[in-house]
Structures are given as structure tokens and as C-alpha cells.
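Visitor: The structure's right below; bear with me while I get my questions together.
Only the coordinates and a few stated rules stand behind these numbers; no lab work does. Computed from a prediction, not measured in an experiment: that's the story for all the values here. Cβ sites come from the backbone with ideal geometry, for glycine too, and all protein chains shown count toward neighbours.
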Amino acid sequence: MKKIMTILAIIVLIAAGGYFSWQYYKDAQEQLWEEKSELAAKTLKPIKESFKSTLMQGMQKGVVEAVNYCNLEASGITENLPQGVEVGRTSHKVRNPQNKPDPLLEGPLNYYLELAKDEQQGRPQITQLPDDSWLYVEPIYAQPMCLACHGKNINPAVKATIDAKYPKDEATGFEDGDFRGMFWMKFKEDFGESQI
Ligand code: HEC
């Protein structure tokens, strides 16, 4: 009897040990994801701001002129990215075919589309890729000013300018608040280590 009790006690201890170390691993993992997500959001913020202000400056010159300003290159953002960081935008309905999602981006894109079916807006997501680098995504929702070029009633002169440059344009017909696409950011495992 005593022997059985001892064996049982050992089994319980091993199981509890396993549970607690799994719990510890999970907490550490969640903390790492949170840190990486914060780092990504912090890095992306000024990029989004400078993109938006470039677009607004373009809009002040007129919508036709601004057609050249709704891309990341216009504000020089893509040339000045920190080492080991890549940034882009993608969508289920692209204007520029170069922004089409690669297979990796289709997962989060479909996730936000599913939420949008229930009229829900999603939060940023982060995941670690097989090569240990990180992929961070943030959904983009249409605002009233976007509709001048992505809405249902686009001014004919604007439409003509867009069509001339983007004959395969799919990015029209959006309404205020619609899911428009997402920003994505890929970064190396060691990016920002000194900042964390
Ligand atoms: C003046 C016209 C104009 C306005 C206003 C505008 N866009 Fe665009 N948008 C474009 C053009 C042109 C492109 C293609 C850019 C390129 O060549 O990469 C584009 C591309 C995009 C893309 C990349 C995916 C794709 O379709 O190729 C997203 C996402 C996007 N716009 C979102 C927005 C949002 C959100 C707003 C409002 C904050 C907005 N746009 C306002 C003209 C505009």
C-alpha cells in the first residue's frame, strides 16, 4: 500500500511539474509576442503618420494630383526603413497589382474579411515565421477622405487618371468604415533588441 502511494505521489508530482513548466513556457511566449507586437506598432506609427501627411499634402493640390501620393514610396518611407525591416500594404482588392498579397498575407487578410462580414473591426496581429523573423499586420479601414479615390462615386477626371495609371484597378466601391486592406511589417528576430 505504501509503495502504491509513493508511486502515485511521484506521478502527481511529474504531472504537476509538466503543467507548471508548460504554463511558464506559455507565459514567457505570450510576453515575447506582446513585446514584439509593441515594438512593431512603435516602428510602424511614424511610417503611417508620414504616409498620411504626404497624402494630405497631395490632396491640397487637388485629387487628380494626389493620385500620385497614395503609395509608400511617395514620402520616401521605403528608402529610410531601419535595417532588417520591410513594410508594405496589401488588400483583397488592389489598385496596384504589385500590392497583391503573397500567400503569407492571405491568412490575416481573410481573418479581417471574416470579421468585416459581422461588421467588426480587427486588432493588429503578430506571428513568428519559420525563419524566426516576425510578421506584424494592422488592418486599414476606409475613412471619408479615402472615398474620393476608392469610393462609389469617383469624379470622372480622377477616375480617368487612375484608370490610365492602373488599368487593372479593383480598389473602388468602398464605403466609410469598410475594411480596405492592411499594413504589414516583417522584421528580423534581432531587430530592436537594444530598445526592448
Ligand atoms: C488621391 C487618390 C487617393 C486617395 C485619396 C486615397 N488613395 Fe489609396 N490608393 C490610391 C492609389 C493611386 C493607389 C495605388 C498606389 C500604388 O501604386 O502603390 C492606392 C493604394 C492604396 C492601398 C494599397 C493597396 C492597393 O490597392 O494597391 C491601400 C491599402 C489604400 N490605397 C488605402 C487608402 C486609404 C485607407 C485612404 C484614405 C486614408 C486612401 N487610400 C486614399 C489613391 C488614393
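Visitor: Taking R0 as 45 Å, what's the FRET efficiency between residue 11 and residue 86 from their Cβ-Cβ distance, rounded to 0.05?
Guide: 0.35
Visitor: A follow-up question, please. Order the peptides 142-148, 129-135 from the highest to the lowest mean number of other Cβ atoms within 10 Å of their residues.
Guide: Details: 142-148: 15.7, 129-135: 12.6.
Listed from highest to lowest mean packing, they are 142-148, 129-135.
Visitor: Right, next: Which lysines have a Cα lying under 19 Å from the Cα of residue 61, excluding residues fewer than 8 positions away in the same chain?
Guide: Reachable lysines: 52, 159, 165.
Visitor: Put a dot 7 Å past each Cα toward the Cβ at residue 172 and residue 22; how far apart are the dots in nm?
Guide: So the two model labels end up 5.5 nm from each other.
Visitor: Now, a different point. Kindly give the semi-axes, whole Å and largest first, of the ellipsoid equivalent to the chain, taking each as the square root of 5 times a Cα gyration tensor eigenvalue.
Guide: They are 46, 19, 13 Å, listed from largest to smallest.
Visitor: Tell me the relative contact order for segment 1-157 as a rounded percent, counting alpha carbon contacts under 8 Å between residues six or more apart.
Guide: Details: 84 pairs, mean separation 22.7, N = 157.
After rounding, I find 14 percent.
Visitor: Are there GluC sites (Glu not before Pro) in segment 68-159 that DSSP marks as loop and that have at most 15 other Cβ atoms within 10 Å, and which are they? List each step's numbers first, then the result.
Guide: On the way: sites: 73, 79, 86, 106, 114, 119; in loops: 119.
Passing sites in segment 68-159 are 119.
Visitor: Quick one: net charge around residue 122, please, counting Lys, Arg +1 and Asp, Glu -1 for every other residue with C-beta under 10 Å from its C-beta.
Guide: My count for the surroundings of residue 122 gives -1.
Visitor: Determine the dipole magnitude for the chain: charges of +1 sit on the beta-carbon of Lys and Arg, -1 on that of Asp and Glu, nothing else is charged, the reference point is the Cα centre, and the result goes in debye to the nearest 20. Write down the numbers at each step before the final one.
Guide: Numbers: 22 positive and 27 negative charges, 45 e Å.
Dipole size: approximately 220 debye.
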